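The values are calculated or read from the model by the stated rules, or taken from the named source; none is laboratory data. Values in this document were obtained by computation on a predicted structure and should not be read as measured data. Accessible surface areas use protein heavy atoms only, side chains included; no ligands, DNA or RNA. Shrake-Rupley method; radii C 1.70, N 1.55, O 1.52, S 1.80 Å.
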Amino acid sequence: PAFVHTALLRTRRAATMASSAAASAAVEPVLLPDDVVPTHYAVEVSVPNLRAIDPRVRATYTFEGTCAVDVRVQRDTASVVVHAKELNVRRAWWTAAGDDDGKRHEARALEYDVKLTTLTVRFDDALAAGTTARVHFEYAGECNDQMAGLYRSRYADAD
């Protein structure tokens, strides 16, 4: 399945991604459209099962999370593009800024571009230029060993 990176929205700054074949080999940066510009992130991630308590149970390295991103809408848009790597977005919606209990504008489509590692979230209701909104995501993922996203690693103490 396709995935979304933990830092869901970024401005037009380039994101450097590590190749799965060689962590030191940089991939061309992917610039996102600036129709919406993030101003604040509220990210929650469950603690992954890194070590099984029962030795008969295999550690899964999986986690779940939510992210609410406050955005400033620069141009009318019915889609939001985010970096997509190592997270599976299950659901997305937007609300008017400061109105989380108000009307939810649910995503009608989640379209992944595996090559660019991006996700385009499409809505029936457009976000209006000059306004602020909060874009919400529910996702799941796996702590990988590729030094990208939320990853796992090992180290040895000096002792």
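Ordered by 1.4 Å accessible area with all protein chains kept, Thr60, Thr117, Thr39 run largest first as Thr39, Thr60, Thr117. Distances between placed amide hydrogens fall under 5 Å for Glu86 paired with Phe3, Val4, all partners being 5 or more residues away or on another chain.
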